[in-house]
């Protein structure tokens, strides 16, 4: 009976890995096609915005990211799509680089409660796991609770 559960688990892992590879190939393929154009016009920027949002970057973050990239390429007079892509990569890395950040929330009196809310597939579980790991590494104790609308 245990073999039955293991097979399903292995098959599920395999299916998940295949789906992730397919998503990455599709998304990166679209990015590569977008940045292989001779120049990026307004339609290309709109397409880039859609690609980032579809990759769960989030609307607010996407708009901020694109504004920052467009400002940099204007200031630095960058015109080549490959250089624009490098600028985008740099800004994306900057957004998620927490090496020097010390912006953890600390409870004043009693426990710190963080409520995560969002629609399916936007990365809540991943974000919760990252936050939990951050607090555990800083010596805090963590309790996770979950609820669903179903």
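Condition check ((1) closer than 23 Å to residue 28 by Cα; (2) at pLDDT 80 or above; (3) outside the structural domain of residue 39 (by TED's automatic domain parsing)) across all residues:
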| residue | (1), (2), (3) |
| --- | --- |
| 53 | yes, yes, no |
| 57 | yes, yes, no |
| 65 | yes, yes, no |
| 84 | yes, yes, no |
| 87 | yes, yes, no |
| 138 | no, yes, yes |
| 143 | no, yes, yes |
| 149 | no, no, yes |
For this session: Would you tally the residues in the stretch 46-60 being touching a helix residue (DSSP H, G or I) at 6+ places or on another chain (Cβ under 7 Å) and either more than 22 Å from residue 127 (Cβ to Cβ) or in a helix (DSSP H, G or I) (or both)?
Result: 7
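Would you confirm, using the coordinates I've provided, whether residue 70 is exposed (fewer than 13 other Cβ atoms within 10 Å of the Cβ) and either modelled with pLDDT of 85 or more or in the same structural domain as residue 33 (by TED's automatic domain parsing) (or both)? So that I can check it myself, show each step before the final result.
On the way: exposed (fewer than 13 other Cβ atoms within 10 Å of the Cβ): no; either modelled with pLDDT of 85 or more or in the same structural domain as residue 33 (by TED's automatic domain parsing) (or both): yes.
Judged against the criteria, residue 70 is not a match.
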Problem set entry | Residues located in the stretch 131-142, provided they are in contact with a helix residue (DSSP H, G or I) (Cβ under 9 Å, 6 or more places away or on another chain) and surrounded by fewer than 10 Cβ atoms within 10 Å (Cβ to Cβ) | 141
For this session: Look at residue 65 and say whether it is surrounded by 14 or more Cβ atoms within 10 Å (Cβ to Cβ), touching a residue at least 24 places away in the same chain (Cβ under 8 Å) and not in a loop (DSSP other than H, G, I, E, B).
Result: yes
Problem set entry | Selection from the stretch 73-82 of residues that are surrounded by 15 or more Cβ atoms within 10 Å (Cβ to Cβ) and without any contact (Cβ under 8 Å) to a residue 12 or more places away in the chain | 78
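The values are calculated or read from the model by the stated rules, or taken from the named source; none is laboratory data. Because the structure is a prediction, the values reported are computed rather than measured. Don't worry about glycine lacking a Cβ; one is built from the backbone with ideal geometry, like all the others, and counts go over all protein chains shown.
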